[in-house]
Amino acid sequence: MVRGVYGMKKIGLMTFLHNENYGSILQAWALQETLRGMGYDAQHIDYAPSKAEKIRNLLSSGNSPRLILEGMRKRSATGRMRGGFDEFRAEYIRSSAPCRNRAALRRQADAYDMLLCGSDQIWSPVWLNPAYFLVFTDKPKAAYAPSLGVQELPPKRKRRQIARLLKGYSAISVREAEGAALLKRMAGVEADVMPDPVLLPGREAWMQLCAGAETPREPYILTYFIGDSPAYWERVRDEAERLGCGVVVIPRTEGARSSGYPMAEDVPPQRWLALIANAALLVTDSFHGAAFAAILNRNCAILRRYREEDPESKNSRIDQLLRHLGLDSLESPDWEQVNARIADQAERGQKWLLDVIRQAAQ
C-alpha cells in the first residue's frame, strides 16, 4: 500500500451510495478503505437527493423523462433490491449526515480539506447530475476514475454542460480510455485512465469482507445479469450442461425471475462476494461482476449487454478491464498473470491518488 501524509487531509468522497447496486456500494467501500490505508481521513458525502432536487436536476440537465419512467417500470417489475444494503452502509461506509439538496452539499463541503468524486457511472451524460461533478464547492477537487458509460459523443447541450462542469479540477482521471477520448473531444481535457477502486484493496481484503457468508456446498454456476436477453439463458443452460452442476440466480431482471432456476433473494453485498468467490463459473454482463471474478480468481463468462453500435453501450467498461489485465477473456486465464496485473494496477491507482492529494496540500 502506498502511504500518504498524516498531517493532511480530511477528504470528502462523492459517488453513488443509494442505488442498491453491488458494484456501486463495494467500489465506494474500496476507495474509502484505500485512502484510509494510506493515512487519510476519508468520508463519503451522503447525497440522497429529495424529490424536489431530482426534479430540479431533471429540468436543468436535459435528462429524458422517459428514462425516469423506464427506471420506475423496471423497479416495479423486479422489486427493490433489499439484500442488506442499508445494513452494509451503516456498518462499513463512513459517511456524513444526509444531504438532500445542493445547499446541504455546500455546507457539508466545508468539513473537508479536499473532495474526490468517483468512481462508477457518476459522469454519465444520460443521467447527468452536476452534483457529482462537485459544483457545490470551491475546495480543491479531483476525480478518481468516474465513468461516462458511453462510447459516442452526447448531444451538443450535454457536451457544453460537461465542458463547463470540468472546470476547476486539479486532476482528472476516468475509468475507460473511451471516456478519456470523449473528454478530450468535448472539453480539451487530458484525463488519465485509472483502474476501478475495487482493484485497489487486494484479494485478501475482499476475502476478509465476505468471510463467513453462506454459499451452497455443491458446485454451482452463479448468474448475475443487469440486462435482459434470452441469449443469456441459452448460454447458462449450455454451461450447466457442460459443467454438470446447478445454477444459482441473483435476480435483477424479469428474465432472471422467469428462468426456472433457484433464486438467491435479498443477497447482501458480503454474500454476493462470497457467491462469486466460491462459484465454479460466473456468467454475467456486469462490469463489477467480471472485476470481482478476476480479483477472486474465478472463471467468468462475460456476456455483452448492448449492441456494439448502441450509442449508450457500456461494453467499453469491460473492454477496459480486460485491457488492464492483458486478457481477451476471463475463461480459464493464467491466474498468476492476472494477480500480477491487478497488483500493478493497484499500485498505479494508489500512486495517482497520493500524488493528487499531495499536490492539493501545497
Please tell me if residue 46 is modelled with pLDDT of 95 or more, surrounded by fewer than 16 Cβ atoms within 10 Å (Cβ to Cβ), assigned by TED's automatic domain parsing to the domain that holds residue 118 and not small (Gly, Ala, Ser). no
Some residue of region 283-290 being out of contact with any Cys (no Cβ under 9 Å at 6 or more places or on another chain) and surrounded by fewer than 14 Cβ atoms within 10 Å (Cβ to Cβ): no
Mind checking which residues of region 234-269 are in contact with a helix residue (DSSP H, G or I) (Cβ under 6 Å, 6 or more places away or on another chain), surrounded by fewer than 21 Cβ atoms within 10 Å (Cβ to Cβ) and part of a helix (DSSP H, G or I)? 254
So which residues in region 99-125 are over 23 Å from residue 194 (Cα atoms) and free of Cβ contacts under 8 Å to residues at least 60 places away in the same chain, if there are any at all? 99, 100, 101, 102, 103, 104, 106, 107, 110
For the condition crowded, with 23+ Cβ neighbours inside 10 Å, modelled with pLDDT under 95 and either outside any strand (DSSP E or B) or among the basic types (Lys, Arg) (or both), what is the one hit in 83, 149? 149
Being closer than 29 Å to residue 342 by Cα, crowded, with 16+ Cβ neighbours inside 10 Å, assigned by TED's automatic domain parsing to the domain that holds residue 279 and aliphatic (A, V, I, L, M): is that true of residue 191 here? no
Can we say residue 226 is of a type in the set (Val, Ile, Thr), closer than 29 Å to residue 146 by Cα and part of a loop (DSSP other than H, G, I, E, B)? yes
Please indicate, with yes or no, whether at least one residue in region 56-71 is modelled with pLDDT under 90 and in contact with a helix residue (DSSP H, G or I) (Cβ under 6 Å, 6 or more places away or on another chain). yes
Among the candidates 307, 341, 298, which residue alone is basic (Lys, Arg), outside any helix (DSSP H, G or I) and modelled with pLDDT of 95 or more? 298
Restricting to region 349-361, what's the tally of residues that are over 18 Å from the mean Cα position of the chain (by Cα) and either on the phi > 0 side of the Ramachandran plot or not aromatic (Phe, Trp, Tyr) (or both)? 9
Cross-chain or 6+ apart pairs with Cβ under 9 Å, region 256-282 first and assigned by TED's automatic domain parsing to the domain that holds residue 230, then of a type in the set (Val, Ile, Thr) and part of a loop (DSSP other than H, G, I, E, B): 271/215; 274/215; 275/215; 275/267; 277/215; 278/215; 279/215
Inside region 1-55, can you point out the residues that are in contact with a helix residue (DSSP H, G or I) (Cβ under 6 Å, 6 or more places away or on another chain) and of a type in the set (Gly, Ala, Ser)? 4, 23, 30, 42
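The values are calculated or read from the model by the stated rules, or taken from the named source; none is laboratory data. This structure is a prediction, so every number in the text was calculated from the model and none was measured. Cβ: placed from backbone, ideal geometry, glycine included. Neighbour counts: every protein chain shown.
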